[in-house]
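The values are calculated or read from the model by the stated rules, or taken from the named source; none is laboratory data. As the structure is a computational prediction, the values presented were derived from the model and not from experiment. Don't worry about glycine lacking a Cβ; one is built from the backbone with ideal geometry, like all the others, and counts go over all protein chains shown. Accessible surface is based on the protein model in full, side chains and every heavy atom, while ligands, DNA and RNA are left aside. Shrake-Rupley method; radii C 1.70, N 1.55, O 1.52, S 1.80 Å.
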Amino acid sequence: MRMLFARIWPLGVRLQLMFWYTAVFAVLIFFSDTILYTQLQTSLLANLDSSLSVQAQQISNGISTTNNGTITIQDTTGDLPEGGTSTVDQQGNHTDINFGSLVRILDVKGHLLRGTAASTTLLIPSKSITQPLHGTSWQGNVLTHDGQQVRLYSMALMDNGAPIAIVQVGESLAQLNTALHTVVLEFVIIAPFVLLLGALGSYWLASHAFVPIDRLTRTTQQIQAGDLHQRVPVPRTRDEVHRLAITLNEMIARLEEAFRRQRRFVADASHELRTPVAVIRSMTELALFEELTLQEYKQMLGNINIETERLGHLISDLLALARSDEGKTLLELEPVQFDKLVEGVAAYAEVLAIEHQIALHVQAVEPVVILGDEARLIQMLINLLDNAIIYTNAGGQVTISVEKKGTTACLTVRDTGIGIAPEHLPHLFERFYRVDPARVRTDGNSSGLGLSIVEWVVHAHKGSIKVESQVGQGSTFTVILPLAPTRAVETGSLTQEKSKAAGKEHSRH
Ligand code: ADP
């Protein structure tokens, strides 16, 4: 019992729909029955009224006045009792309103001239006499002494435009009321059956409507994390289920792509990490098992130090990208004097440029303020300048410039280096992508992650990056970043998001 209760409570969609449909059915049935009942009552009463008016008309055909003003009544209908013109016949006729006719003929003063025995039991309202005298026939419900309802029709008989008598004809409403009560009883008996059928029907319909969704659920359940190449069947009908199936398939495709990238990232990362670890290990083994001179030990420790530094940078880069994938790295956005930042990083890169015999020029630097995370922007600038210097042969040139273009800041890093072949350009920002793995950087710091980080920083700042290059001629990286809104520059600081990351990963240098 408890399990059954738990199954239906909270109510499933099918049961909820069933209850709602049934409630709506109930309201509809109530209203339609009420309307039907009222209409039936009105039309039965209208029929009764018209037959009463015909009867009254027939009776009034037999009434006339003599020259001296005496009213003579001729019974043409057989409804009136035998006898005089001004008495109510009591003999032989019972006063039960359900038998025989209810007829009353009155003079204009309201005195009863003639009437049936049963009509004496009626409680006649004065309006039923005064209204016809004023020219309008009257009809309405009246009661008998013992509380029974009677429909009464009252009309004036006119002669030369003046009323000479009033004819009142009535009929018991018992039959009509019985008919109406029967109808109500039928409604009351039939309604629960209709509701029950409606409830069952709506439950069946709801179940039927959910069949495609059940099918989608089953297929989605079958799709395990490792089996993301499967897709749910898309029904041909262009309805909600069709849209749901398409949305699910798009979601699964995105998941599949994310899993694929994740797997590749992990595989590439472990591969990259393995190399420096292996190098360190072989060097430590050598140091442990070989007799070396102090000079050789020092050199070895120096090499280990370089490798660990490389490892450290690699781990920082990996961490930065992993966090960006998770969406955990929130930027500390504030107005940044971008031109000053570029000049600062260029001065810092100058050391590397001199080391590689490259001429580093800082050109066309316009004052621009952007809304950005200074640490990330420095990382981006260092990676771009670092690449430009490293992939340019000695004697070459690297030029960096910042310009204001409309509502954007345009950063250009141009070099006269080895250039990149067109087939590599589309993959340049992919993780671990190196144009020529054989040609590693002279500093041995190549990881293939530098440009991925640059791209991520640019996108995180709602900017864009493009590269143009010609083999043997050089490359130009252009970064477009939106300028800070004037309001932000005026207030001096507009920190929108705070970095949750404890550490800030910087450059490889
Ligand atoms: P890496 O750590 O290898 O420099 P990046 O992601 O920074 O990784 O760059 C990816 C590849 O793009 C590099 O291996 C290099 O082949 C190529 N590349 C990047 N910048 C330049 C450049 N300025 N000139 C020529 N090739 C470049």
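Which FRET efficiency value, to the nearest 0.05, do you get for Phe289 and Asp436 by plugging their Cβ-Cβ distance into 1/(1 + (r/R0)^6) with R0 = 22 Å? Present the calculation step by step, with values, prior to reporting the outcome.
Working: r = 36 Å, r/R0 = 1.62.
Once the sixth-power term is evaluated, E becomes 0.05.
For the chain, what is the convex hull volume of its Cα atoms per residue in Å³?
Values: hull volume 177.2 nm³, N = 509.
Here the figure is 348 Å³ per residue.
List the DSSP H helices in the chain whose Cα atoms stretch 18 Å or more along the helix axis and whose mean Kyte-Doolittle hydropathy is at least -0.5.
On the way: long enough: 13-61 (71 Å, 0.70); 174-209 (51 Å, 1.34); 240-289 (71 Å, -0.03); 294-326 (47 Å, -0.30); 338-355 (26 Å, 0.84); 374-390 (23 Å, 0.98).
Those that clear 18 Å and a mean of -0.5 are 13-61, 174-209, 240-289, 294-326, 338-355, 374-390.
Once you have the Kirkwood Rh of segment 126-215 from its Cα pairs, apply Stokes-Einstein at 37 °C and 0.692 mPa s and quote D in µm²/s.
Working: Rh = 17.9 Å.
Reported coefficient: 183 µm²/s.
Pull up the cross-link candidates among the aspartates and glutamates for Lys298, meaning alpha carbon to alpha carbon under 20 Å and not fewer than 8 places away within one chain.
List returned: Glu285, Glu290, Glu307, Glu309, Asp443.
Rounded to the nearest 500 deg cm²/dmol, what is the calculated helix-only ellipticity per residue at 222 nm for the chain, with -39500 (n - 2.57) per DSSP H run of length n ≥ 4? Walk me through the intermediate numbers first.
Numbers: 11 runs with 246 residues, N = 509.
Only helices count here, giving -17000 deg cm²/dmol.
Take the solvent-accessible surface of the protein heavy atoms, probe 1.4 Å, and return the percent of it on segment 228-358 that carbon and sulfur atoms account for.
Details: 4980 of 8560 Å².
After summing per-atom areas, the C and S share lands at 58 percent.
Just grab the label-to-label distance for Asn303 and His361, each label 7 Å out from Cα along the Cβ direction, in nm (one decimal).
4.1
State, to one decimal in nm, how far the label point of Leu195 lies from the label point of Asn67, with both points 7 Å from Cα in the Cβ direction.
7.5
Expressed in nm to one decimal, what extension gain is obtained for the pair Thr120 and Asp75 from 0.36 nm per residue of sequence separation less their Cα-Cα distance?
Details: separation 45, 0.36 × 45 = 16.20 nm, distance 1.87 nm.
Going from the current span to full extension adds 14.3 nm.
Please grab the % of Cα pairs in segment 306-406 that end up more than 22 Å from each other.
On the way: 2114 of 5050 pairs.
Percentage above 22 Å: 42.
Mind grabbing the accessible area of Lys404 for me, 1.4 Å probe, Å², rounded to tens?
That residue has around 100 Å² of solvent-accessible surface.
Below 12 Å, Cα to Cα, which aspartates and glutamates can Lys466 reach? Residues fewer than 8 away in the same chain don't count.
Correct list for Lys466: Glu455.
In whole angstrom, note down how far apart the Cα centers of segment 26-44 and segment 330-406 are.
So the two Cα centres are separated by 85 Å.
So, for the chain, what is the accessible surface per residue at a probe of 1.4 Å, expressed in square angstrom? Intermediate values should be presented prior to the final figure.
Values: 29440 Å² over 509 residues.
So the chain comes to 58 Å² accessible per residue, rounded to a whole number.
Restricting things to alpha carbons, tell me how big segment 244-290 is in terms of Rg and Dmax, in Å.
Rg, Dmax (Cα atoms, Å): 20.2, 68.
For segment 163-235, what is the convex hull (Cα atoms) projected area averaged across all directions, in square nanometres?
Working: hull surface 44.3 nm².
Its Cα hull, projected and averaged over all orientations, spans 11.1 nm².
Rank these by accessible area, largest first, 1.4 Å probe: Asp227, Asp317. Walk me through the intermediate numbers first.
On the way: Asp227 40, Asp317 5 Å².
The ordering from most to least exposed comes out as Asp227, Asp317.
How much of the accessible area of segment 360-414, in percent, comes from carbon and sulfur atoms when a 1.4 Å probe is used? Display every interim value, and only then the final one.
Working: 870 of 1880 Å².
Ligands and nucleic acids excluded, carbon and sulfur reach 46 percent.
Taking all pairs of distinct Cα atoms, average 1/r, flip it, and tell me the Kirkwood hydrodynamic radius of segment 167-307 in Å to one decimal place. Mind dumping the intermediate values first?
On the way: mean 1/r = 0.0419 Å⁻¹.
The Cα-based Kirkwood calculation yields 23.9 Å.
Could you work out the per residue convex hull volume over the alpha carbons of segment 168-210, in cubic angstrom?
Details: hull volume 2.4 nm³, N = 43.
Taking the convex hull of the Cα positions in segment 168-210, it is 56 Å³ per residue.
Over all directions, how big on average is the projection of the convex hull of the alpha-carbon atoms in segment 245-375, in square nanometres?
On the way: hull surface 55.0 nm².
The Cα convex hull of segment 245-375, projected and averaged over all directions, gives 13.8 nm².
Run the simple label-point estimate for Asn249 and Leu28 please: 7 Å along Cα→C-beta, distance reported in nm.
Going by the 7 Å Cα→Cβ label model, 3.6 nm.
Name all residues of segment 160-187 having a backbone nitrogen under 17 Å from the label point set 7 Å from the Cα of Thr38 along its Cα→Cβ direction, giving them as ranges.
Answer for this model: 184.
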